[in-house]
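See below for the structure under consideration.
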Amino acid sequence: MFLAIGLSGLLVNSLVAALGKEGLGAHYLVAAVLATQVTSLWSFILVEFLVFSDRRAYRGKGHRFVRFLAMNNTALALRGPIMYVLTSRLGLHYLLSNLISIVVFTIGRYSLSEAWIWARGERVAPGPSDGGCPDDGRERSHPVSGLRYPDGDSTMGAKRCRNSP
């Protein structure tokens with residue numbers, strides 16, 4: 001599924017890059033920056049709901065999105081020089097160099113997504129009255145800060161439960 005979403009992201013990325021360069025007259029590297037931001041939003045929504053939907057309770061959506069953007073923009077910083085060499089030095093079309101640079105980082109991006117953004121770990125769940133964690137007396141973590149404290153302290157309505165195997 002990640003690969004299918006990636007392929008749809010390639011299409012979106014190419015369309016936005018072409019629009020940026022041809023439609024807005026931006027430099028191809030500036031168009032790649034714009035395309036990366038649009039595609040990051042597109043891909044995050046699809047990956048969040050279709051690939052790692054079983055892990056969405058871990059960390060907040062905003063936290064995962066910031067990490068996803070950080071990963072994609074770091075990859076863009078590495079892709080930029082590749083695109084520059086392929087397009088400005090070797091004469092490849094900018095959309096082809098964009099595609100090649102994205103494909104180069106696909107496996108690494110998936111691995112980082114799985115390990116860093118949607119990592120398996122503790123899940124935020126509602127309390128026992130809401131069908132969540134049993135009240136077993138274990139220490140809990142604050143849902144935002146991750147700080148540990150005994151049950152009974154303010155949890156802002158959430159407790160952390162260990163994922164079931």
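Each value in this text was obtained by applying a stated rule to the coordinates, not by laboratory testing. Small disclaimer: the values here were computed from a predicted structure and weren't measured. Cβ coordinates were reconstructed from backbone atoms using ideal geometry, including for glycine residues, and neighbour counts include every protein chain displayed.
Apply 1/(1 + (r/R0)^6) to the Cβ-Cβ distance of H63 and I107, taking R0 = 22 Å, and write down the FRET efficiency to the nearest 0.05.
Numbers: r = 24 Å, r/R0 = 1.08.
It comes to 0.40.
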Original post:
Can you give me the pair-distance distribution of segment 40-100, C-alpha pairs, 5 Å bins, whole percents?
Top reply: 4, 17, 21, 16, 12, 11, 10, 6, 3, 0
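So if I average 1/r over every pair of distinct C-alpha atoms in segment 9-63 and take the inverse, what Kirkwood radius in Å does that give?
Numbers: mean 1/r = 0.0820 Å⁻¹.
Radius from the Kirkwood sum: 12.2 Å.
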